[in-house]
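Below: one structure, written as structure tokens.
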Amino acid sequence: MSPGSEESVHNWSPERSEASLEAWRNRTIVPMVVAAGVFLGAYAWPIIDPGLPDGPRMLCEVAMTVVWVLFGADYLVRLWLSPRRWRFVWKNWFDLVVLAAPMLRSLRLVQVIMVLGLVNKHASASLRASVSRYSAAAAVLIVLCAAL
């Protein structure tokens with residue numbers, strides 16, 4: 001390994017720019033949607049089945065905690081990549097409140113809905129043309145979250 005390449009490995013830091021932030025969002029949108037689905041399932045299962053044995057109930061708790069950590073890590077990476085951090089915090093204040101306040105745990109379901117909104121923002125024009133499908137999915141998700 002040449003000395004120049006060793007230095008570049010130790011000093012690697014992603015560029016803080018809107019382009020880097022957008023690239024991160026594009027790379028993580030599918031995993032975040034999957035994580036949101038896992039959270040929704042883990043949150044809903046013990047509510048739907050109140051007699052759930054301790055093992056599966058604990059598994060749901062662990063899954064929700066892992067997803068919460070993933071949402072937190074995603075928020076921190078996006079904050080790091082953002083060139084205007086205060087503006088980022090201002091625009092994403094709800095994410096920060098839900099992540100920082102454990103007593104607002106039930107509001108994490110709203111994050112699931114917000115992830116669906118992110119999918120819409122990053123969808124292609126042809127996908128946006130199917131507004132009725134998107135609206136129906138969002139309505140079902142909102143009703144499900146409200147029912148839980």
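The values are calculated or read from the model by the stated rules, or taken from the named source; none is laboratory data. The structure presented is a predicted model; accordingly, all values stated were derived computationally and were not measured. All Cβ positions, glycine included, derive from the backbone under ideal geometry; neighbour counts span all protein chains shown. Calculation scope for accessible area: heavy atoms of the full protein, side chains included, ligands and nucleic acids excluded. Shrake-Rupley method; radii C 1.70, N 1.55, O 1.52, S 1.80 Å.
Tabulated results
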{"item": "Exposure ranking of TRP68, TRP86, TRP80 by accessible area [1.4 Å probe, largest first]", "result": "TRP86, TRP80, TRP68"}
{"item": "Length added when fully stretched, VAL33-VAL140, from 0.36 nm per residue minus Cα-Cα", "result": "37.0 nm"}
{"item": "Solvent-accessible area of GLU15 with every protein chain in place, 1.4 Å probe, in Å² to the nearest 10", "result": "120 Å²"}
{"item": "FRET efficiency, ARG16 to TRP45 (Cβ-Cβ, R0 25 Å, nearest 0.05)", "result": "0.05"}
